[in-house]
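The values are calculated or read from the model by the stated rules, or taken from the named source; none is laboratory data. Note that the structure is a prediction, hence the values are computed from the model and not measured. So basically every Cβ, Gly included, is an ideal-geometry build from the backbone, and we count neighbours across all protein chains shown.
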Amino acid sequence: MEKLVIQGGRQLNGTVKTSGSKNSALPLMAATLLCNSGEIKLHRIPDLKDIQTFSKLLVYLGAEVSYQANTLNISTSNIRCVQAPYELVKQMRASIYVLGPLLARFGHASVSLPGGCAFGPRPIDLHLMAMEKLGASVTIEKGFIEAKVKGNRLRGVQIDFPVTSVGATGNALMAAVFAEGITTINNAAVEPEIVTLCCFLNAMGANIRKIGTPSLEIEGVDNLNASEFTNIFDRIEALTLLTAGAITGGSITVTGADPAQLAAVLGKFEQTGCRIITDTGSITLESPDMLLRTDVIANPYPLFPTDMQAQWIALMTQAEGVSHVIDKIYHERFNHIPELNRLGAHIEIRDNEATIHGPRKLTGTKVMSTDLRASACLVLAGLVAQGVTEVLRIYHLDRGYERIEKKLNSLGAAIERVSYQEFV
């Protein structure tokens with residue numbers, strides 16, 4: 001097992017390039033299952049544990065997958081299996097994305113109930129509801145989702161999601177691509193990752209309209225063709241790097257990023273007293289002498305993202321006054337708070353709201369990662385803590401950040417990745 005050993009108290013400055021988006025890459029990989037001939041090339045795919053796991057899942061299903069220099073080459077013409085096994089699915093929840101395309105192309109999909117980050121309930125009922133609306137019979141048997149098309153083909157229909165869901169929107173999109181007639185998805189997610197998925201599907205020959213709106217229209221087609229496509233940047237990585245600059249009192253520029261996709265968080269940075277300078281493809285954050293308390297509420301895009309909630313709490317431990325962070329998406333996503341308090345933070349939790357008292361002098365110690373964004377939060381806290389902080393179980397971190405310690409070290413951090421053995 002590996003951990004990060006952080007020598008805290010160093011100001012971070014400089015320029016760093018963003019990686020491709022993990023949350024976009026995974027549904028793009030799933031969408032390749034809809035193509036029955038040719039080789040698909042996906043560029044700007046980050047080298048992450050989740051990408052490796054999803055690649056193994058595609059290979060298990062019968063795909064040919066190769067990866068080099070952040071480009072994935074995928075051929076799914078010889079898919080021989082429609083069952084996604086527990087051993088792979090349990091490693092990440094995004095495996096549920098194979099449900100829609102397998103069902104649409106083969107008329108049958110068998111997907112183990114998902115695993116992934118250990119925080120709060122994240123039900124898959126909306127995914128299943130969408131498949132049933134499109135004309136599939138869906139049952140859960142022995143830990144597997146069993147979905148079968150009733151008749152020869154899924155049929156276009158109106159799907160009304162009671163709440164917005166990125167995953168369910170993506171699955172419904174991919175299933176509807178081959179459905180007979182027109183499918184309308186209301187209350188669809190509008191995240192950049194969904195927009196990117198729509199653009200990729202259209203590049204392969206799908207007919208998706210009203211992209212980027214809460215009411216998507218998909219007119220079914222008979223087949224898709226292999227295509228070459230470039231992934232978008234990782235907006236959560238970009239924001240995490242900017243937070244590293246803010247929490248250490250430095251000045252950081254991230255390149256390869258679209259400021260328009262980050263507007264909600266950039267505005268919050270400005271409320272803390274940070275100066276934000278944007279240009280085409282780059283964002284610069286200059287820290288103030290003292291960070292000001294700033295409340296946030298995590299909501300669906302384009303509002304403040306839940307995937308930045310933990311990092312923001314770390315930042316607010318260094319801000320003047322009492323701040324509040326509310327997560328309206330995942331009410332139990334606060335496993336990082338006890339670990340922050342071990343470093344010397346003063347944070348209280350009530351229901352889905354965290355109250356942070358700052359500024360606090362943090363002192364390095366051993367802390368434990370419990371999920372992906374909690375890991376990033378603890379790394380940020382370690383950057384400003386006095387002494388040495390050891391962040392354990394960083395396999396969570398490696399699921400979503402492409403060697404983040406190298407990027408932070410290039411900005412002036414002192415982080416070492418070392419192996420260790422846990423006592424049991």
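Which helices (runs of 4 or more DSSP H) sit wholly inside segment 1-107 and have at least 3 residues that are at pLDDT 95 or above and either under 24 Å from the mean Cα position of the chain (by Cα) or over 30 Å from V379 (Cβ atoms) (or both)?
Working: elements: 22-31, 49-61, 86-89, 99-106.
Output list reads 22-31, 49-61, 99-106.
Kindly indicate whether any position in segment 212-220 is in the same structural domain as G100 (by TED's automatic domain parsing) and under 24 Å from N78 (Cα atoms). Looking through segment 212-220, at least one residue is in the same structural domain as G100 (by TED's automatic domain parsing) and under 24 Å from N78 (Cα atoms).
From the list E219, E237, the one residue that fits, being more than 18 Å from G14 (Cβ to Cβ) and either at pLDDT 95 or above or within 23 Å of the chain's Cα centre (by Cα) (or both), is E219. Restricting attention to segment 348-385, the residues that are under 18 Å from H331 (Cβ atoms) and in contact (Cβ under 8 Å) with a residue 40 or more places away in the chain add up to 8. The set of residues in segment 62-81 being within 21 Å of M131 (Cβ to Cβ) and crowded, with 20+ Cβ neighbours inside 10 Å consists of T76 alone.
On the given criteria, is G273 surrounded by fewer than 17 Cβ atoms within 10 Å (Cβ to Cβ), on the phi > 0 side of the Ramachandran plot and not in a helix (DSSP H, G or I)? Here the answer is no, as G273 does not meet what is asked. Only residues that are among the hydroxyl-bearing types (S, T, Y) and assigned to a strand (DSSP E or B) were counted across segment 289-334, and they come to 1.
Take the conditions small (G, A, S) and touching a residue at least 40 places away in the same chain (Cβ under 8 Å) and apply them to S66. Does it pass? For S66, the condition - small (G, A, S) and touching a residue at least 40 places away in the same chain (Cβ under 8 Å) - is not met.
Across segment 137-169, the qualifying residues are those that are among the polar types (S, T, N, Q) and surrounded by 17 or more Cβ atoms within 10 Å (Cβ to Cβ), and the one among them that is modelled with the highest pLDDT is T169. Evaluating Y420 against the criteria (1) under 30 Å from Y301 (Cα atoms); (2) in contact (Cβ under 8 Å) with a residue 24 or more places away in the chain; (3) in contact with a strand residue (DSSP E or B) (Cβ under 6 Å, 6 or more places away or on another chain) leaves one unmet condition, (1). Restricting attention to segment 137-180, the residues being in contact (Cβ under 8 Å) with a residue 60 or more places away in the chain, in contact with a helix residue (DSSP H, G or I) (Cβ under 6 Å, 6 or more places away or on another chain) and small (G, A, S) number 3. Just one of the listed residues (P300, P288, P259, P214) is modelled with pLDDT under 95, surrounded by fewer than 24 Cβ atoms within 10 Å (Cβ to Cβ) and of a type outside the set (A, V, I, L, M, F, W, C), namely P300. Restricting segment 217-235 to residues that are among the aliphatic types (A, V, I, L, M) and crowded, with 24+ Cβ neighbours inside 10 Å leaves a set whose member that is farthest from A264 (Cα to Cα) is L224.
Quick check on segment 27-34. Is at least one of its residues outside the structural domain of Y401 (by TED's automatic domain parsing) and surrounded by fewer than 18 Cβ atoms within 10 Å (Cβ to Cβ)?
Within segment 27-34, the subset outside the structural domain of Y401 (by TED's automatic domain parsing) is 27-34.
From the residues that got through so far, the ones that are surrounded by fewer than 18 Cβ atoms within 10 Å (Cβ to Cβ) too are none.
No, segment 27-34 has no match at all.
The set of residues in segment 370-424 that are assigned to a helix (DSSP H, G or I), among the hydrophobic types (A, V, I, L, M, F, W, C) and out of contact with any helix residue (DSSP H, G or I) (no Cβ under 8 Å at 6 or more places or on another chain) is empty.
Of the residues making up segment 218-241, none is assigned to a strand (DSSP E or B), closer than 17 Å to A104 by Cβ, touching a Lys or Arg at 6+ places or on another chain (Cβ under 6 Å) and of a type outside the set (D, E, K, R).
Condition first: farther than 13 Å from Y401 by Cβ and either charged (D, E, K, R) or not assigned by TED's automatic domain parsing to the domain that holds L292 (or both). Now tell me which residues in segment 359-379 satisfy that.
Within segment 359-379, R360, K361, K366 meet the criteria.
Applying the selection to segment 310-326, what residues are in contact with a helix residue (DSSP H, G or I) (Cβ under 6 Å, 6 or more places away or on another chain) and more than 20 Å from L397 (Cβ to Cβ)? Scanning segment 310-326 gives Q318, S323, V325.
I'm trying to understand the selection: among the residues of segment 319-360, which are small (G, A, S) and surrounded by fewer than 17 Cβ atoms within 10 Å (Cβ to Cβ)? So that I can check it myself, show each step before the final result.
Taking segment 319-360 and keeping what is small (G, A, S), we get 319, 321, 323, 344-345, 354, 358.
Those that are small (G, A, S) and surrounded by fewer than 17 Cβ atoms within 10 Å (Cβ to Cβ): G321, G344.
Filtering T278, T355, T272, T284 for residues that are assigned by TED's automatic domain parsing to the domain that holds A260 and under 30 Å from P214 (Cβ atoms) leaves a single hit, T278. Just give me the residues in segment 108-136 being charged (D, E, K, R) and either over 15 Å from T169 (Cα atoms) or at pLDDT below 95 (or both), in sequence order. Once the filter is applied, which keeps residues that are charged (D, E, K, R) and either over 15 Å from T169 (Cα atoms) or at pLDDT below 95 (or both), segment 108-136 yields R122, D125.
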